[in-house]
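Laboratory data are not the source of any read-out in this text; all were calculated from the coordinates shown. All values derive from a computational prediction rather than experimental measurement. Counting neighbours? That spans all protein chains shown, and the Cβs are built from the backbone with ideal geometry, glycine included.
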Amino acid sequence: MTRLRDLPQPARFLLAGGLAALVNWLARFPLSWLVPYGLAVVGAACIGMAFGFVAYRAYVFRDAGPGGLRQVPDFLLVNAVTTVLVTLVALSGRDLLTLVGTPCGRAEAIAHASGIAAGAVGNYFGHAAITFRTRRPVAAEG
């Protein structure tokens, strides 16, 4: 059996990101009992984001070098951009689905999943290029 760390980076990203997306999607249900749908989507994104940072750092972008805490601002920036995309897709998708007669609860679940999927590609490229890019040591002068 292949170990997770031996899989190619895109496969590890899909697995870790898929699990983070599942955490995100599942977290929205109880949050929706407490706050309006849009806020629940954003709150669930934050929960999925925290899980994703740990998973991406440990299993996907492990060559990023030391300094996990220095990567947090970049991670938050990339996720802030994709959270806007996820929220817009989730809200407009819910409205569209309810307009065509889909029951509200089902429309919210489908639209939120669609929003998460829309943000996944941006997350991969954003984290690969910004958050977890391989940092080369600066050559000493002299």
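Go ahead and estimate [θ] at 222 nm for the chain from helices alone: -39,500 (n - 2.57) per DSSP H run with n ≥ 4, summed, over the residue count, rounded to 500. Please report the intermediate quantities before stating the final value.
On the way: 4 runs with 100 residues, N = 142.
Calculated from helices alone, the mean residue ellipticity at 222 nm is -25000 deg cm²/dmol.
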* Asked: When the distances between all Cα atoms of the chain are binned every 10 Å from zero, what whole-number percent does each bin get?
  -> 12, 39, 28, 15, 5, 1, 0, 0
* When the chain is fully extended, how far beyond the present Cα-Cα distance does Gln9 get from Val100, taking 0.36 nm per residue of separation? -> 28.8 nm
* Structure fact -> Taking 0.36 nm per residue of separation between Val54 and Ser92 and subtracting their Cα-Cα distance, the length gained on full extension comes to 10.7 nm
* Go through region 113-128 residue by residue and turn each phi into a ³J(HN,Hα) via Karplus (6.51, -1.76, 1.60, θ = phi - 60°); whole Hz please, and just put x for glycine and proline. => 4, 5, x, 4, 4, 5, x, 5, 5, x, 4, 4, 5, x, 6, 5
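Which trypsin sites (Lys or Arg not before Pro) in region 1-109 pass both tests, a DSSP loop state and at most 11 other beta-carbon atoms within 10 Å? Please list the in-between numbers first.
Numbers: sites: Arg3, Arg5, Arg12, Arg28, Arg57, Arg62, Arg70, Arg94, Arg106; in loops: Arg3.
Counting only loop positions with at most 11 other Cβ atoms within 10 Å, the trypsin sites (Lys or Arg not before Pro) in region 1-109 are Arg3.
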* With axes computed from alpha carbons, what is the tilt in degrees of helix 37-55 against the longest principal axis of the chain, rounded to the nearest 10 within 0 to 90? -> 20
